[in-house]
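Just below is one structure, and these are the notes that go with it.
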Amino acid sequence: MRVYARILAAGFRTQSRYLPAAFAGLLANATFGLLKSGILLTLVDDGGGELDGYTAGTMAAYVWLSQGLLGSVNIWSLPSSAERIKSGDIAVDFLRPADVQLASIADDVGRGLFALIPRGLPSVGVGVLLVGMAMPAQVLPYALGAVSLALGITLSHALAYLLGTAGFWLVEVRGLQVLYMGVAGLLTGLITPVWLFPGWLEAIAVATPFPAVMMYPIDVLSGRTTGTDALWLLAVQAGWLALALAAGQVATRLGRRTLEVQGG
Amino acid sequence: MSGTTSDTIVEVRGLSRDFRVRDGLKVRRLTAVDRMTWSIAAGEAVGYIGANGAGKSTTIKMLAGILVPTAGDVHTCGLRPVKDRKKLARRIGVVFGQRSQLWWDLPVRESFGILAAIHSLSRARERARTDELVETLDMGDYLGTPVRQLSLGQRMRAEVAAALLHRPQLLILDEPTIGLDVLSKQRLREFLVRERAEHGTTLLLTTHDMGDVERLCDRVLVVDHGRLAYDGSLDGLGRTVGAERVLVVDLAEPCAELAVPGARHLRSEGGGLRQHLAFDPAATTAARVLAAVSEQADVLDLTIAEPAVEDVVRRIYERATTSSS
Amino acid sequence: MGDGLAGRASELVRPYRAVLASRVRAQRAYRASFRADLFGTAVVGLTELAEVVVLFSAANGTLGGLDLMQALLVFGLAELAFSNADMLFGHVDSLARQVRSGTVDILYLRPQPLLAQLVTSDISLRRVGRSALAVVVLVVALVVNDVDWGPRAVALLAMSLVCGFAIFCANFVTAGGLQFFLLNAQEVTNAFVYGGRHASTQPATVWVRSITVIFGFVFPMAFCAYLPAMLLLGEPGAEWLPAWLGWYAPAAAAWAWTVALLAWRAGVRHYQGGGG
């Protein structure tokens with residue numbers, strides 16, 4: 001385990017070298033935050049101040065937390081491991097004593113955690129100062145929220161890794177990646193809260209791991225979901241993470257065999 | 001074309017270029033090119049050498065109109081590079097060893113076709129020039145191959161052809177032989193010699209390879225820390241800095257330090273089995289040194305090392321500092 | 001005489017045509033992956049559409065003064081203009097990467113204007129997938145909504161598409177110009193390139209004041225789709241942005257291009273003068 005903690009810390013430090021890029025990302029996030037809060041708060045207002053359990057305060061919290069998380073979760077792109085899988089360089093990684101899947105995810109999670117500092121916290125700051133987003137007054141939601149956040153960030157990178165393993169068998173992963181980007185973008189609740197979906201779409205979303213990446217951590221952290229319900233969401237997240245890691249492990253082993261057959 | 005421009009191809013007067021470098025929060029000024037003055041006449045072949053960061057690429061970018069000088073004047077083909085960039089582009093060809101001007105996913109032939117369109121060559125001229133270059137650079141075998149599948153040697157030949165397609169008066173080559181194997185280097189050099197002889201193309205090349213300079217150039221400019229440290233013939237360069245060659249001999253038996261007239265013992269390895277001897281090619285020849293060695297010991301094998309560019313530059317620099325103090 | 005002029009014009013566009021034709025050939029050479037990309041861009045468009053559909057369906061009848069079908073008219077106009085601009089100008093947005101890899105220097109060695117070369121250096125045919133989706137949405141919205149068809153409506157529609165396209169293209173060029181300064185922070189330009197795209201699909205009535213200033217006037221996104229659509233629908237528009245302003249879309253496009261060309265010129269000067 002120590003080796004993965006080391007890798008995670010290294011990823012954290014690596015990301016600290018890209019501060020200008022992080023601040024640039026923050027500016028883009030803030031713009032999107034303003035655009036989204038405009039329309040979503042109008043929506044809540046038109047609904048008489050309450051819509052699907054959202055008030056103006058919790059809706060603002062949704063907007064700024066989701067924008068703040070964008071630097072930390074991976075919904076859009078293939079991880080660096082995917083590039084190595086595609087080029088076959090991953091064969092070298094198999095010779096190292098550390099597990100390829102865990103090492104690669106640990107590095108990405110480390111970078112994601114660092115991004116919370118220059119992108120996550122300021123985004124929340126903007127939300128609190130500018131639009132008066134609601135944040136819970138007790139300690140418990142923050143403690144649970146931190147765990148939920150860590151689970152969500154890790155899950156997003158575990159899923160991205162799993163997507164990248166398709167490169168063992170497919171010549172071109174880009175089509176798949178774009179499809180993933182579209183589906184994940186919608187179902188994680190990045191574009192609109194999952195709870196505003198029509199019933200059938202909400203049912204589909206909840207049946208996938210995607211809301212566990214972003215929607216659940218936001219619900220727990222903003223205090224929209226509390227108590228045993230919050231604990232249940234954490235359990236669901238942990239379940240999806242275990243499943244994604246197991247699937248990634250299996251895909252890596254099968255892929256390694258394919259690679260060895262082709263290479264030998 | 002006017003008489004003055006046909007005589008002087010490149011003219012540089014008091015040319016300087018500073019960069020602002022961010023160092024933490026402080027902004028520092030760094031002088032990459034420092035008040036340089038020199039010119040190149042039509043038909044010359046000039047080697048532009050210096051250590052990394054000496055200001056070579058910066059100079060080339062100013063000659064080509066990519067960078068604006070901080071101070072001083074530059075004229076290339078009688079034009080002001082930045083102001084007349086588009087006109088100048090029709091008269092010069094540039095090969096950057098590290099970046100390609102070809103389309104990596106297209107066959108070589110198609111890249112040439114596009115470049116011909118870019119330079120508005122008529123179909124007839126395009127065909128004649130392409131055929132000539134394909135023939136002299138021996139590219140017939142891979143004209144239909146996408147650029148990304150070429151070997152480095154093949155790609156460099158294609159790059160040079162691409163830069164020469166529009167018959168430029170001046171060809172600038174930035175590290176053209178970097179990474180090439182011996183045979184590819186040789187081929188490229190032979191071609192450049194021939195191109196120059198047949199079309200009178202002026203050559204300006206930066207390189208780390210003394211072999212390029214020896215075989216291609218009749219004049220050398222040495223830059224050091226952005227300043228011109230030497231301007232003259234290659235022989236003269238050898239004379240001024242005593243650019244020695246080194247003869248390395250492997251002997252049948254360990255031997256004490258060899259004492260050879262006209263040569264200097266540098267060092268021994270393996271208890272005297274291998275010895276390094278430096279000599280000045282202007283004063284003696286390798287054959288004479290070898291003959292003298294053979295009188296003292298049995299020679300099994302030998303190599304002659306060219307002086308490295310860095311070595312030459314370092315000595316010029318040392319000479320400059322000692323003479324000024 | 002006319003023949004000579006046509007000949008000169010054809011000689012003038014020959015370099016650009018040669019490069020673009022080669023890009024088209026290269027992209028069509030890998031059919032399977034091209035089809036996957038077409039599909040992919042359509043999926044991206046679909047998720048953008050999903051946002052509008054979800055929000056306006058969740059609304060109590062109308063949101064920001066528009067019902068779902070009216071919102072789809074705004075979306076269709078904006079999306080089509082953006083997607084077309086992205087197809088032709090999208091790669092200008094990756095200028096920072098091209099500076100780092102040195103490909104910009106190569107453009108300096110060719111006898112055409114830099115910006116013209118850069119714009120014609122690539123084309124993303126795969127975005128046809130997203131444009132096609134936008135066309136479908138736009139046609140449906142035009143049929144379902146209560147549009148008073150006549151020369152005025154046709155002129156409005158054409159003007160909106162042309163000016164919207166021009167404004168989005170200008171944004172890409174502005175982004176390119178600024179990226180000469182922002183080599184390590186080029187995401188800054190995402191704020192108005194992609195933020196601007198997002199804004200152009202919204203009813204301007206929901207905007208906070210700062211957004212109204214930025215995307216109503218500085219980057220005139222309201223003129224791409226919202227204002228012309230309000231004219232087509234006979235709706236009043238928003239505070240600060242009344243519908244009649246929609247007729248001034250050509251002026252907005254001219255303004256956007258003025259900003260773009262100034263940013264580009266400043267960027268090029270910075271690159272030649274101060275960059276390294």
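Each reported figure results from applying straightforward, stated rules to the coordinates on display, with no laboratory input. Because the structure is a prediction, the values reported are computed rather than measured. Cβ placement follows ideal geometry from the backbone for every residue including glycine, while neighbour counts extend to all protein chains displayed.
List of remarks:
- Net charge of neighbours whose Cβ lies under 13 Å from the Cβ of A:I39, counting Lys and Arg as +1 and Asp and Glu as -1: -2
- The range C:68-96 and the range A:111-138 have Cα centres lying 30 Å from one another.
- Across chain C, the relative contact order, built from alpha-carbon pairs under 8 Å that are at least six residues apart, equals 24 percent.
- Of all complete DSSP H helices in chain A, those with a Cα span along the helix axis of 18 Å or greater and a mean Kyte-Doolittle hydropathy of 0.5 or more are A:19-46, A:56-69, A:100-115, A:140-164, A:174-187, A:227-263.
- Distance between the pseudo-spin-label points of B:R123 and C:Y248 (7 Å out from Cα toward the beta carbon): 5.2 nm.
- 0 to 90° range, to nearest 10: angle between helix C:151-179 axis and chain C longest Cα axis: 50
- Inter-part distance where the range C:1-64 and the range B:254-279 are each reduced to a Cα centre, Å: 71
- C:N145 versus C:A158: modelled label distance in nm, points set 7 Å from Cα along the beta carbon direction: 1.9
- C:S10, C:S124, A:S37 arranged by Cβ crowding within 10 Å, fewest neighbours leading: C:S10, C:S124, A:S37
- Exposure proxy for B:M156, C:M87: other Cβ atoms within 10 Å of each Cβ, ordered fewest to most, give C:M87, B:M156.
- All aspartates and glutamates inside 14 Å of B:K56 as judged from Cα atoms, apart from same-chain residues fewer than 8 positions distant: B:D18, B:D34, B:D174, B:E175, B:D224, B:E310
- With a cut-off of 13 Å between beta carbons, the residues surrounding C:L73 carry a summed charge of -4, where Lys and Arg count +1 and Asp and Glu -1.
- Taking 0.36 nm per residue of separation and subtracting the Cα-Cα distance, full extension of the segment from B:A286 to B:E214 would add 24.2 nm.
- Electrostatic tally near B:F96: other residues with Cβ closer than 11 Å to its Cβ, Lys and Arg +1, Asp and Glu -1, net -2.
- Neighbouring partner chain Cβ atoms per residue of B:60-66, average, 10 Å criterion: 3
- Projected label points at A:R256 and C:S10, each 7 Å from Cα along the beta carbon direction, are separated by 6.3 nanometres.
- Cα gyration tensor shape for the range B:36-130, rounded if a/c is under 1.5, else prolate or oblate: prolate
- Secondary structure note: in the protein assembly as shown, about 70% of the DSSP beta bridges are antiparallel.
- Angle of helix C:68-89 to the longest C-alpha principal axis of chain C, folded into 0 to 90 degrees and rounded to 10: 0°.
- Taking every C-alpha pair closer than 8 Å and separated by at least 6 residues, the mean separation divided by the residue count of chain A gives a relative contact order of 26 percent.
- Ascending count of other beta-carbon atoms within 10 Å, so fewest first, for C:F75, B:F19: B:F19, C:F75
- The mean sequence separation of alpha-carbon pairs under 8 Å and at least six residues apart, normalised by the residue count of the range A:1-84, gives a relative contact order of 27 percent.
- Highest-first arrangement of C:97-110, C:126-139, C:169-182, A:124-137, where packing means the average Cβ count within 10 Å: C:169-182, C:126-139, C:97-110, A:124-137
- Partner shielding of C:50-62 amounts to 6, given as the average count of beta-carbon atoms from other chains within 10 Å of each residue beta-carbon.
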